[in-house]
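Notes follow the structure.
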Amino acid sequence: MANILLTGGTGYIGAHTAVVLIESGHTPILLDNFSNSTPKVAERIQVITGVKPMVIEQDVLDTAALVDVLNTHDIQAVIHFAAHKAVGESVEKPLSYYQNNVMGTLSVLAAMAQAGVHHIVLSSSATVYGENGVPPMSEDAPLSATNPYGQTKVMMEQIIRDVAVADKTLRYAMLRYFNPVGAHPSGQIGEHPRGIPNNLMPYVQQVAIGLREKLSVFGNDYPTADGTGERDYIHVMDLARGHVLAVNHLLAGNDSFTVNLGTGKPVTVLQMVQAFEQASGKPIAYTIAPRRAGDVASVYANPQLARQLLGFETEYTISDMCRDAWVWQSRNPNGYDEA
Ligand code: UFG
């Protein structure tokens, strides 16, 4: 049982991972600058688990402060979630992305070296497979990126690999997420993007509660079952459990590894819309719009390696993802702000 620092710990995936860590007997400590989250998450985690995790307001760019946190709390592993994640915004604000994501990772690694912390789990993304990959994506596929956000994820991975070559005591787990959706089944925690959502599911959820008029389906002329884009949606609770398996694997003394976290099953935009309508009982108005720049027809995981190494199997179905997303959204139309 370990004290584990979660940078970006009050964010969407961090909060869900904190729940599963607590339920597994670990002590997560959530560090965040609240640029896209709120400390109120801690009370919701307490409602679910009975334990209120410690929350520290801190930017990952402050290396000295990180060293202090790692030492003071006797941290044995870091799960590094803290990063900007919007593709379009990264094209507009590349400096902000390189600074926050790449320099943030450098800062975390430097702090870990100074404090003698040897285990890091990185939030990586299927975005590192670029646009030329042929699904299902396997971990040994060549890496590339088509936008600054994707570049930062490729760089963050590379930096950690290089540091681990030089520092034999460092062990890493690189987790390449496919499309995380859904929420904790209790409806206590979930995703609450600020402004107009970029991603499909939060947009659909906001149409369902009447906050947006209709969904634009970006393209229906792709070579897929119904012409709309295919992705590998994974329930955030499955993803969270993947992090706990990964950190346990490292803490047990195993070697570094890089794995996909996905279901391996492609689902189209219209299939997702239909599943959400069924789960919520709400009609989702949509219109067919042109393809979105940079989108590809189909992205889904080869999930074999995570299964072999970690025994990771996804448990939640598309219908569970939609049900839990709807429970969260309908009970928390203003996210963590009370109505
Ligand atoms: N889509 C719509 N309408 C919308 C939003 C999305 O039709 O309003 C479609 C997209 O065209 C795509 C699918 O829904 O076919 C999923 O789109 P998302 O934006 O939800 O997810 P992406 O697969 O495009 O993006 C995800 C991550 C990014 C990552 C990218 C590439 O959110 O961080 O995968 O791996 F960069």
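Residue-normalised convex hull volume from the C-alpha trace of the stretch 1-145: 129 Å³ per residue.
Shape class for the stretch 74-126: prolate, because the ratio a/c of the largest to smallest gyration tensor axis (alpha-carbon atoms, square roots of eigenvalues) is 1.5 or more and a/b beats b/c. Here the Gaussian network model covers the chain, with springs between Cα atoms less than 10 Å apart; of SER107, SER256, SER186, SER186 fluctuates the most. Relative to the longest principal axis of the Cα atoms of the chain, the long axis of helix 12-23 makes an angle of roughly 60 degrees. Per-residue Karplus couplings for the stretch 305-319, computed as 6.51 cos²θ - 1.76 cosθ + 1.60 with θ equal to phi - 60°, are listed in order as 5, 5, 5, 5, 6, 10, x, 7, 10, 6, 10, 8, 8, 4, 5 Hz, Gly and Pro entered as x. Across all Cα atoms of the stretch 203-339, the radius of gyration (one decimal) and Dmax (whole number) stand at 17.3, 52 Å. Normalised by the number of residues in the chain, the mean separation of alpha-carbon contacts (under 8 Å, six or more apart) gives a relative contact order of 19 percent.
Taken over the stretch 164-279, the ratio of Cα radius of gyration to 2.2 N^0.38 Å equals 1.33. Taking the helices alone, the chain has a mean residue ellipticity at 222 nm of -11500 deg cm²/dmol, built from -39,500 (n - 2.57) per DSSP H run of at least 4 residues and averaged over all its residues.
Mean projection of the Cα convex hull over all viewing directions, computed for the stretch 247-305: 6.8 nm².
In angstrom, the C-alpha Rg and Dmax of the chain are 19.0, 55. The shape of the stretch 75-168 comes out oblate: with a ≥ b ≥ c from the C-alpha gyration tensor, a/c is at least 1.5 while a/b does not beat b/c.
Rolling a 1.4 Å probe over the heavy atoms of the protein chains gives the chain an accessible area of 42 Å² per residue. The stretch 16-48 and the stretch 106-127 have Cα centres spaced 19 Å apart.
Simple point charges give the picture: +1 on the Cβ of Lys and Arg, -1 on the Cβ of Asp and Glu, and for the stretch 262-339 a dipole about the Cα centre of about 280 debye.
For the chain, the longest principal axis of the Cα atoms and the long axis of helix 269-280 meet at an angle of about 90 degrees. Which of VAL121, VAL299, VAL87 moves most in a GNM of the chain, Cα contacts under 10 Å? Checking each option, the largest mean-square fluctuation is seen for VAL87.
Both the radius of gyration and Dmax for the stretch 153-195 are 16.3, 44 Å, in that order, over alpha-carbon atoms. Rounded to the nearest Hz, the phi-derived 3J(HN,Hα) couplings of the stretch 54-66 under the Karplus curve 6.51 cos²θ - 1.76 cosθ + 1.60 (θ = phi - 60°) are 5, 10, 10, 7, 6, 8, 5, 6, 8, 4, 4, 5, 5, where x marks glycine and proline. Using the Cα gyration tensor of the stretch 171-223, with a ≥ b ≥ c the square roots of its eigenvalues, what is the shape: rounded (a/c below 1.5), prolate (a/b larger than b/c) or oblate (neither)? Since a/c reaches 1.5 but b/c is at least a/b, the shape of the stretch 171-223 is classed as oblate. Roughly what percent of Cα-Cα pairs across the stretch 103-217 reach past 19 Å? So the portion of pairs separated by more than 19 Å is 60 percent.
Just the protein heavy atoms count here, and of the accessible area of the stretch 135-232 at 1.4 Å, carbon and sulfur take up 51 percent. The H on the amide N of THR263, modeled in the peptide plane, is under 5 Å from the matching H of ALA301, each at least 5 residues off or on a different chain. Averaging the sequence gap over all C-alpha pairs within less than 8 Å and six or more residues apart, then dividing by the number of residues, gives the stretch 1-139 a relative contact order of 25 percent. Among 189-195, 5-11, 27-33, 331-337, the peptide with the highest mean count of other Cβ atoms within 10 Å heads the list, and the full ranking is 5-11, 27-33, 189-195, 331-337.
Among VAL269, VAL91, VAL67, the largest mean-square fluctuation in a Gaussian network model of the chain (Cα springs under 10 Å) belongs to VAL91.
The values are calculated or read from the model by the stated rules, or taken from the named source; none is laboratory data. Just so it is clear, the structure is predicted and the values come from calculations on it, not from any experiment. Glycine also receives a Cβ, built like all others from the backbone with ideal geometry; neighbour counts cover every protein chain displayed. These area figures cover heavy atoms from the full protein model, side chains too; ligands, DNA and RNA do not enter into them. Shrake-Rupley method; radii C 1.70, N 1.55, O 1.52, S 1.80 Å.
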